[in-house]
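The values are calculated or read from the model by the stated rules, or taken from the named source; none is laboratory data. Predicted model only: the values in this text are computed from it and were never measured. Note that we place each Cβ from the backbone using ideal geometry, even for glycine, and neighbour counts take in every protein chain shown. Side chains are part of the model used for accessible areas, which takes the heavy atoms of the whole protein and leaves out ligands, DNA and RNA. Shrake-Rupley method; radii C 1.70, N 1.55, O 1.52, S 1.80 Å.
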Amino acid sequence: MNTNDTRPRLVLASASPARLRTLTAAGLTAEVVVSGVDESTVDDPRPDVYCLTLARLKAQAVAARRSGQLVLGCDSVLAFDGAILGKPVDAADAVRRWRAMRGRSGVLHTGHCLVEAVSGKLAEEVAATTVYFADVTDAEIDAYVATGEPLVVAGAFMIDGLGGAFVERVDGDPGTVIGLSLPLLRRLLARLGVRLTDLWR
């Protein structure tokens, strides 16, 4: 492992515990700095553009306050029935979504933007993964929503939590659905001249 203390440090411009867990499990240490970006300022009907714009805004907002670091911004949305679904507004909204999604599929888009704080250089890309939902019952939906888990994530589900039992399969990188694609992060780092392996603890 690289013991060079001068290597760039990674900053995660996201409050998502799942994203931080993903980085930690991959041997990467990241400092969490929440961007404070008002997501309601972005309005675009294209899910890939929408999530990438927010990821860029978050990364740039944090990069402007840091120096000598790599800042990663991410944002996820579910494209379903022609709509962009972020976090549910309340429990009733989560129940309505699940009743519509069960037995069907949607595409989870996660925008990634990596900014080099000193130079302002950035590399960005969107990952998309198709999610196939189980044909769950009303009782299962009610029980899941009652846990509170669906209320804090885009699309109203987590595959790395209680909701994993309600997802039949995914076509694409499961990390995209969790909120951070490690293969994509590796490519973004390479575009900025950094090897992911040099960031291993």
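What's the ranking of 19-26, 50-57, 192-199 by average number of surrounding C-beta atoms within 10 Å, highest first? Mind dumping the intermediate values first?
Details: 19-26: 16.6, 50-57: 23.6, 192-199: 15.0.
Order by mean packing, descending: 50-57, 19-26, 192-199.
When Lys and Arg each count +1 and Asp and Glu each count -1, what net charge do the other residues less than 11 Å away from SER76, Cβ to Cβ, add up to?
On the way: positive: ARG19, LYS87; negative: ASP75.
So the environment of SER76 carries a net charge of +1.
Could you work out what % of the accessible surface of segment 33-102 is carbon and sulfur, using a 1.4 angstrom probe and leaving DNA, RNA and ligands out of the count?
Working: 1620 of 3270 Å².
Exposed carbon and sulfur together represent 49 percent of the surface.
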Applying a 10 Å radius around every beta-carbon, put 154-162, 128-136 in order of their mean neighbour count, most first.
154-162, 128-136
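Can you work out D for segment 36-127 in µm² s⁻¹ from Stokes-Einstein, where Rh is the Kirkwood radius over C-alpha pairs, the temperature is 25 °C and the viscosity is 0.890 mPa s? The partial results should precede the final answer.
Values: Rh = 14.2 Å.
Estimated via Stokes-Einstein, D reaches 173 µm²/s.
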How much length is gained if the chain between VAL49 and ARG104 is pulled fully straight, taking 0.36 nm per residue apart and subtracting their Cα-Cα distance, in nm to one decimal?
17.4 nm
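First select every other residue whose beta carbon is under 14 angstrom from the beta carbon of THR41; then total the charges, Lys and Arg +1, Asp and Glu -1.
Working: positive: ARG56, LYS58; negative: ASP38, GLU39, ASP43, ASP44, ASP75.
Every neighbour counted, the sum reads -3.
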Reduced Cα scattering model of the chain, Debye log10 I(q)/I(0), q = 0.12, 0.16, 0.17, 0.19 Å⁻¹
-0.59, -0.98, -1.08, -1.28
Among GLY103, CYS74, PHE157, whose Cα projects farthest towards the positive end of the dipole of segment 68-201, with charges put on the beta-carbon of Lys, Arg (+1) and Asp, Glu (-1)?
CYS74
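Could you provide, to the nearest whole Å², the per residue accessible area of segment 129-201 with probe 1.4 Å? Please report the intermediate quantities before stating the final value.
Details: 3370 Å² over 73 residues.
Per-residue value: 46 Å².
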Kirkwood Rh over alpha-carbon pairs of segment 11-87, then Stokes-Einstein at 20 °C and 1.002 mPa s: what D in µm² s⁻¹, rounded to an integer?
162
